[in-house]
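Take a look at the structure below.
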There are 2 protein chains.
Amino acid sequence: MKITDIREATASIGSSISNAYVDFSQMTISVVAVESDIMRNGRPVTGYGFSSNGRYAQGGILRERLIPRIRAAAPQALLNDAGDNFDPRKIRTVMLTNEKPGGHGDRAFAAAALDMAIWDLMAKLAEQPLWRFLSDHYNAGAYDEQVLVYPGGGYYNPGKGLDGLQDEMRGYLDQGYKAVKMKIGAASLDEDMARIEAVMEVTGSGGDLAVDANGRFDLETALIYGKAMAPFDLFWFEEPGDPLDFALNAELAQAYPAAIATGENLFSLQDARNLMLHAGMRADRDWIQLDPALCYGLTEFLDVIHMVEDMGWSRRRIVPHGGHQLGLAMTVGLQLGGTESYPGVFQPFGGFADDTMIEGGMARPDEHIGIGMEAKAKMFAEIQRLVGV
Amino acid sequence: MKITDIREATASIGSSISNAYVDFSQMTISVVAVESDIMRNGRPVTGYGFSSNGRYAQGGILRERLIPRIRAAAPQALLNDAGDNFDPRKIRTVMLTNEKPGGHGDRAFAAAALDMAIWDLMAKLAEQPLWRFLSDHYNAGAYDEQVLVYPGGGYYNPGKGLDGLQDEMRGYLDQGYKAVKMKIGAASLDEDMARIEAVMEVTGSGGDLAVDANGRFDLETALIYGKAMAPFDLFWFEEPGDPLDFALNAELAQAYPAAIATGENLFSLQDARNLMLHAGMRADRDWIQLDPALCYGLTEFLDVIHMVEDMGWSRRRIVPHGGHQLGLAMTVGLQLGGTESYPGVFQPFGGFADDTMIEGGMARPDEHIGIGMEAKAKMFAEIQRLVGV
């Protein structure tokens, strides 16, 4: 068994949305195909992967560093001990050979795209959905029949207004979602409070509304927003300050009684561990949101889960960012706390398989083999156009 | 005044050396030229920059993200208020527009190469050496007549042996260096202790010998090495553990009485601030070693200096990593604690101008305009070959 080809390309996911930090009109991601020498139905079994939104394509790092190292490795060095499938840890070690520690940024996004393709390939070789492959091999056969999902939405669009925001949220509820998320921090406090109250008219309570500042606030502003929002007992207050400002997070956690969620802009086990050690996160209510399609991949994410548990937390406090099928498969098969979804943004890569039904804010696992990208038609057509044979 | 062209290329700095983590045989860096419309001697005034060793070239990020944003900006938006020179903070903001917070890795290395070229260009436009430009504009006219420099050496080379290591160190002393540095962590404790004692025979004392583990040790190993090395009262024990393992560093600092130095693998103000807050660093003896040619550049480094001082530390505790002319200019003009040098490695980019004399372990500023790359003949010839007109 060996890898016969690795192809990468850049996909555009540009849109008119923006959050408190980023205008997404020029956004790109990397798409990767990892082809094996195992043939099924006359075609090589191939895994697909992509990096998550918000961090741009990583073609340079993939072409110049990560892919050549995998190509240069002896095929046996990439397989598990039984030789019947690939070994994601060995592949991670190979692709990151001669890379110095620290500096977990663009390199982590490039590795994550490749790593996603490796896991898709492994589950396909095992002829299982990835969630079941993960359950069998990494969770003693346990999995969840349904998992919490929430749409990452409520962006600032030009000319959207409060009515448009409420319409967007009603649309999510119509699709079966219960908890929703909206952006804050790119408007004044008064405007944002009006936006929050408008959305709470739709959700009925703060408990089903998460707000996301995208790392925009300094300590003073985070505390002001926290004080203003505390009475709503929101689902969570996401990324109040700079993702690496652990001291800010710790001070806010002292003052803000409801839940805080953060971690989508931490991209390694070491950075996640620093969050747990230094940011005042509370095991009984806060949420950890690393993105497996940015933080070197699911392989690194498994280490993060174990680190979180070693610190006495439940893995149910982990809710992967990114709104993609990988996050859903992990949440089901590894029994995490829930995962984001992007039913309306970052198309065609955002959201789950075309036949995934959301009911009461919960999604159920499907039986598509691998990650199931073939069952998300528009996305898979784009993947085939970019990295198909 | 405006930027008329920005050129980038990849330079090879491959060599047979290795440290505890990285084999440098495939190492590359990015080289950048920023050309202005100001003509002198019939040629446009042009600034040059490069990223530091160890982290690979960043052509993809430069070509796809950073350079196009500078090209697309209105020329006025890149100038200082007087309009008589560029404004490095404005250029930093432009080149990092629509970049999310956190994830300070390859993007920081790409930005640092560009930022170095901007500072070279600014000093050339002012017809000053960069150290004097920095002294005048950022240090109230103060500067140092001579600054501590030490060679980053003592690498593990195939077949080098203790004699070879001693010969290398004698060579540095012959060149005028006093304090030297060597690698540890890629051999056994016994072998490394023999290597340290062999070098101390040359230096005469531990006070002129720094050792560098390049982030290789876990806590237990760091403590074992610390206990074994404590009697030598070494110049410093550099990067004992993973650069982001602040808890390890804090525990070692409790147990190891002599100086610790770290920071070359932290690439942003936020990461440096976390080091200061969470890593148990001691203001009376420890050293901070961010690399201005990796951490988004001198522009970000100025913020780091102010952060360090705001925490009650002296800027004399800062010793820029990287062994390049930018580090020397900053150390002179901003009165830092010293800087690394690479007289023997990472050629032709390592080390200072050809006419820089080292005496008693100190280097003196020269009068070359800008960073003075033109006065480092082999390096400048390579820069011209790569990004000349």
**Request:** For the range A:101-123, state whether one or more residues are surrounded by fewer than 22 Cβ atoms within 10 Å (Cβ to Cβ) and either more than 14 Å from every other protein chain (Cβ to nearest Cβ) or closer than 30 Å to B:Pro101 by Cα (or both).
**Result:** yes
**Message:** Kindly evaluate A:Ala72 against the criterion of being more than 8 Å from chain B (Cβ to nearest Cβ), under 25 Å from A:Leu134 (Cβ atoms) and either surrounded by fewer than 21 Cβ atoms within 10 Å (Cβ to Cβ) or in contact with a strand residue (DSSP E or B) (Cβ under 9 Å, 6 or more places away or on another chain) (or both).
**Reply:** no
**Message:** Given the criterion surrounded by fewer than 22 Cβ atoms within 10 Å (Cβ to Cβ), out of contact with any Asp or Glu (no Cβ under 9 Å at 6 or more places or on another chain) and not assigned by TED's automatic domain parsing to the domain that holds B:Ala108, identify the matching residue among B:Ala255, B:Ala259.
**Reply:** B:Ala255
**Request:** Note down all Cβ pairs under 6 Å where the first residue falls in the range A:263-277 and is farther than 17 Å from A:Pro240 by Cβ and more than 7 Å from chain B (Cβ to nearest Cβ), the second is crowded, with 24+ Cβ neighbours inside 10 Å and β-branched (Val, Ile, Thr), and they're at least six residues apart or on different chains.
**Result:** A:Leu269/A:Val304; A:Ala272/A:Val304
**Fill in**
When every residue in the range B:354-368 that is of a type in the set (Gly, Ala, Ser) and assigned to a loop (DSSP other than H, G, I, E, B) is compared, the one nearest to the chain's Cα centre (by Cα) is B:Gly361
**Request:** Determine, yes or no, whether A:Asn41 is surrounded by fewer than 20 Cβ atoms within 10 Å (Cβ to Cβ), closer than 30 Å to A:Gln347 by Cβ and among the polar types (S, T, N, Q).
**Result:** yes
**Asked** Can you pull out the residues in the range B:228-239 that are in contact with a strand residue (DSSP E or B) (Cβ under 9 Å, 6 or more places away or on another chain) and assigned to a loop (DSSP other than H, G, I, E, B)?
**Response** B:Leu234, B:Phe235, B:Glu239
**Message:** As an exercise: evaluate A:Ile61 against (1) buried (at least 17 other Cβ atoms within 10 Å of the Cβ); (2) away from chain B (no Cβ under 14 Å) and give the number of the one condition it does not meet.
**Reply:** (2)
**Residue list for the range B:330-372, restricted to those being charged (D, E, K, R) and over 24 Å from B:Arg40 (Cβ atoms)** = B:Glu340, B:Glu359, B:Arg364
**Request:** Could you identify the single residue in A:Gly327, A:Gly361, A:Gly337 that is surrounded by 20 or more Cβ atoms within 10 Å (Cβ to Cβ), touching a residue at least 60 places away in the same chain (Cβ under 8 Å) and either more than 25 Å from A:Glu145 (Cβ to Cβ) or small (Gly, Ala, Ser) (or both)?
**Result:** A:Gly361
**Fill in**
Filter the range B:282-317 for residues that are within 14 Å of chain A (Cβ to nearest Cβ) and hydrophobic (A, V, I, L, M, F, W, C); the one that is nearest to B:Arg92 (Cα to Cα) is B:Cys295
**Asked** Being on the phi > 0 side of the Ramachandran plot and either among the basic types (Lys, Arg) or modelled with pLDDT of 95 or more (or both), is that true of even one residue in the range A:242-262?
**Response** no
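Yes or no, residue by residue, for (1) within 14 Å of chain B (Cβ to nearest Cβ); (2) modelled with pLDDT of 95 or more; (3) under 30 Å from A:Ile184 (Cα atoms):
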position: A:Ile6; (1), (2), (3): no, yes, no
position: A:Ser15; (1), (2), (3): yes, no, yes
position: A:Ser18; (1), (2), (3): yes, no, yes
position: A:Pro68; (1), (2), (3): yes, yes, no
position: A:Leu79; (1), (2), (3): no, yes, no
**Prompt:** What do you reckon, is B:Gln289 under 17 Å from B:Gly153 (Cα atoms) and among the polar types (S, T, N, Q)?
**Reply:** yes
**Item:** A:Phe86 vs. criteria within 12 Å of chain B (Cβ to nearest Cβ) and under 28 Å from B:Gln26 (Cα atoms)
**Value:** no
**Message:** I'm checking my understanding of the structure. Among residues of the range B:278-299 that are in contact (Cβ under 8 Å) with a residue 12 or more places away in the chain, of a type in the set (D, E, K, R) and closer than 11 Å to B:Arg317 by Cα, which one is surrounded by the most Cβ atoms within 10 Å (Cβ to Cβ)?
**Reply:** B:Asp286
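Residue by residue, here is whether (1) over 24 Å from B:Phe301 (Cα atoms); (2) β-branched (Val, Ile, Thr) holds:
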| position | (1), (2) |
| --- | --- |
| B:Met1 | yes, no |
| B:Glu8 | no, no |
| B:Thr28 | no, yes |
| B:Tyr48 | no, no |
| B:Arg63 | no, no |
| B:Arg89 | no, no |
| B:Arg92 | no, no |
**Message:** Looking only at the range B:41-55, filter to residues that are small (Gly, Ala, Ser) and outside any strand (DSSP E or B); which one of those is farthest from the other protein chains (Cβ to nearest Cβ)?
**Reply:** B:Gly42
**Item:** Scope the range A:56-108; condition under 25 Å from the mean Cα position of the chain (by Cα), assigned to a loop (DSSP other than H, G, I, E, B) and hydrophobic (A, V, I, L, M, F, W, C); matching residues
**Value:** A:Ala57, A:Leu96
**Message:** One residue is enough: does the range A:23-34 have a residue meeting the conditions within 14 Å of chain B (Cβ to nearest Cβ), touching a residue at least 12 places away in the same chain (Cβ under 8 Å), more than 23 Å from A:Gly327 (Cβ to Cβ) and touching a Leu at 6+ places or on another chain (Cβ under 9 Å)?
**Reply:** no
**Prompt:** Could we say that B:Gly351 is at positive phi, without any contact (Cβ under 8 Å) to a residue 40 or more places away in the chain, surrounded by fewer than 24 Cβ atoms within 10 Å (Cβ to Cβ) and over 10 Å from the mean Cα position of the chain (by Cα) here?
**Reply:** no
**Message:** So B:Gly204 ticks every box in (1) more than 14 Å from chain A (Cβ to nearest Cβ); (2) within 22 Å of B:Gly338 (Cα to Cα); (3) crowded, with 17+ Cβ neighbours inside 10 Å; (4) of a type outside the set (A, V, I, L, M, F, W, C) but one. Which box is left unticked?
**Reply:** (3)
**Request:** Check the range A:369-389 and report whether any residue there is of a type outside the set (Val, Ile, Thr), in a loop (DSSP other than H, G, I, E, B), closer than 24 Å to A:Val308 by Cβ and in contact with a strand residue (DSSP E or B) (Cβ under 8 Å, 6 or more places away or on another chain).
**Result:** no
**Request:** Give the range B:209-227 a look and list any residue that's assigned to a helix (DSSP H, G or I) and not acidic (Asp, Glu), or say none.
**Result:** B:Leu219, B:Thr221, B:Ala222, B:Leu223, B:Ile224, B:Tyr225, B:Gly226, B:Lys227
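The values are calculated or read from the model by the stated rules, or taken from the named source; none is laboratory data. Please read these numbers as outputs of a predicted model, since none were measured by experiment. Cβ: placed from backbone, ideal geometry, glycine included. Neighbour counts: every protein chain shown.
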